[in-house]
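See structure below.
The values are calculated or read from the model by the stated rules, or taken from the named source; none is laboratory data. All of these numbers come straight from a predicted model, not from anything done at the bench. Glycine gets a Cβ as well: all are built from the backbone with ideal geometry, and neighbour counts include every protein chain shown. Accessible surface areas use protein heavy atoms only, side chains included; no ligands, DNA or RNA. Shrake-Rupley method; radii C 1.70, N 1.55, O 1.52, S 1.80 Å.
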Amino acid sequence: MTFMLVASSPRVPTLVYISISLVLSVYIVINDFKRNSMEFRLGSGALRADVNSLSEESSSSSLARPTRDAAICSSVLGHLPERPRGELFLRWKKPDPWEQMKWIGKPARCRVKGQLIENLDELYNFRRGYALKFVSNVEDKAHLLPWLLASRLNLNLPERRVYLDLGANALETSIQWFMRSYPCDFTEVHAFEISDSLKLPPEMDDLVEQEQGANNTLEIRSNSRAVAVKETPGIPKWMLKRMTFYNNFVSDVDDEATKALNITRFMKQKLKLKASDTVVVKMDIESSEWPILERWLQDPDMPELIDELFVELHYMHPSMSGYDWDAWAPRTRIQATNLLASMRSKGFFVHPWP
């Protein structure tokens, strides 16, 4: 019957063949995507994950799970972002709060320093709020707040609490954000900026200044029109006294001619930082971060020395062309993601900045 139907309707076989070919083509593309989505370039080599072997392991005895999970989380693979498995052409139709609604990213599958940390979100260039159009500020940092290490551990306990701002730009940018938003009272702040943009603010006015009264009690000069304040208070003078500013180029080497300073040497030898100190580092140094971080990956002291690290990795990607990021070629977004994952696997509690 089928043969007779086909013979009597010459248009049917053509439609059937086209449909079968289309289905097979889609299947081949999806299958190829699944096989290759776990392959990432790391340096000159390549990291390949055998998805089939991982599936076989997951069906093995539950007694082996802790060992297997520990092995995965000690590898780069465990810290890479989870990517879609098949059905790529239907993805846009599926409701996904993490890609369509959540300002805060989901937790990564592997912890760092025993604590939850956000999944590496390369889809949005690590800038969720801006990419989802929740804010117009590309430097929005709201997505970082739930994942701060100092929100889980009391980093105020050590006597010495140090914040290093590498690429501080101006006082009211990252330094002010950390002074206000990071839950740690830093006893030292070391800020580096090679340009002339980092300058001390003018004297603060009576609306925001706190001073010792005649009877040695803290006197806050109140603002009777607080609801109509038009200027955000700056950093108090007592906090400014804890800060040291450096007009140096943060680098992996020392070079007096270019005012370059080896930041690793500076931290270990000049500041004499110890693992028992609280140390928080923010790094935004216009692509000079790559050699520094690659060195830190090979230095087992650094993840012990640094409690939390925030770094803006500069790379070339079409979606960032409007911000002149083409200048950071040939570095790519996948290389940036791999580097962050590698650092987490070594014990760095690191976040993309901002």
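I want to confirm something. Restricting to the range 298-354 and keeping residues that are among the acidic types (Asp, Glu) and free of Cβ contacts under 8 Å to residues at least 12 places away in the same chain, which single residue is least open to solvent (accessible area, probe 1.4 Å)? Can you show your working first?
Going residue by residue through the range 298-354, those that are among the acidic types (Asp, Glu) are 299, 301, 304, 307-308, 312, 324, 326.
Going one step further and asking which of them are free of Cβ contacts under 8 Å to residues at least 12 places away in the same chain, we end up with 324, 326.
Numbers: ASP324: 118, ASP326: 76 Å².
The selected residue is ASP326.
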Considering only helices (runs of 4 or more DSSP H) wholly within the range 89-191, the ones with at least 2 residues that are polar (S, T, N, Q) are 176-181
Give the range 89-108 a look and list any residue that's modelled with pLDDT under 85 and surrounded by 15 or more Cβ atoms within 10 Å (Cβ to Cβ), or say none. GLU99
Can you run down the residue pairs with Cβ atoms below 9 Å, 6 or more apart or on separate chains, where the first is in the range 153-165 and within 15 Å of LEU271 (Cα to Cα) and the partner is among the polar types (S, T, N, Q) and assigned to a strand (DSSP E or B)? ARG160/THR278; ARG161/THR278; VAL162/THR278; TYR163/THR278
One residue is enough: does the range 125-148 have a residue meeting the conditions in contact with a Leu (Cβ under 7 Å, 6 or more places away or on another chain), modelled with pLDDT of 95 or more and open to solvent by less than 20 Å² (accessible area, probe 1.4 Å)? no
Among the numbered criteria (1) more than 14 Å from the chain's Cα centre (by Cα); (2) over 28 Å from LEU305 (Cα atoms), which single criterion is violated by ARG128? (1)
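Step by step: first the residues of the range 149-161, then only those that are of a type in the set (S, T, N, Q) and more than 8 Å from THR278 (Cα to Cα), then the one that is most open to solvent (accessible area, probe 1.4 Å). Which residue is that?
Quick first cut of the range 149-161, residues of a type in the set (S, T, N, Q) only: 151, 154, 156.
Okay, now just the ones that are also more than 8 Å from THR278 (Cα to Cα), so 151, 154.
On the way: SER151: 70, ASN154: 86 Å².
Among residues in the range 149-161 that are of a type in the set (S, T, N, Q) and more than 8 Å from THR278 (Cα to Cα), the one most open to solvent (accessible area, probe 1.4 Å) is ASN154.
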Please give the number of the condition ILE194 fails out of (1) within 14 Å of the chain's Cα centre (by Cα); (2) open to solvent by 20 Å² or more (accessible area, probe 1.4 Å). (1)
Hey, any hits in the range 338-353 for a residue that's over 15 Å from the mean Cα position of the chain (by Cα) and over 17 Å from VAL76 (Cβ atoms)? no
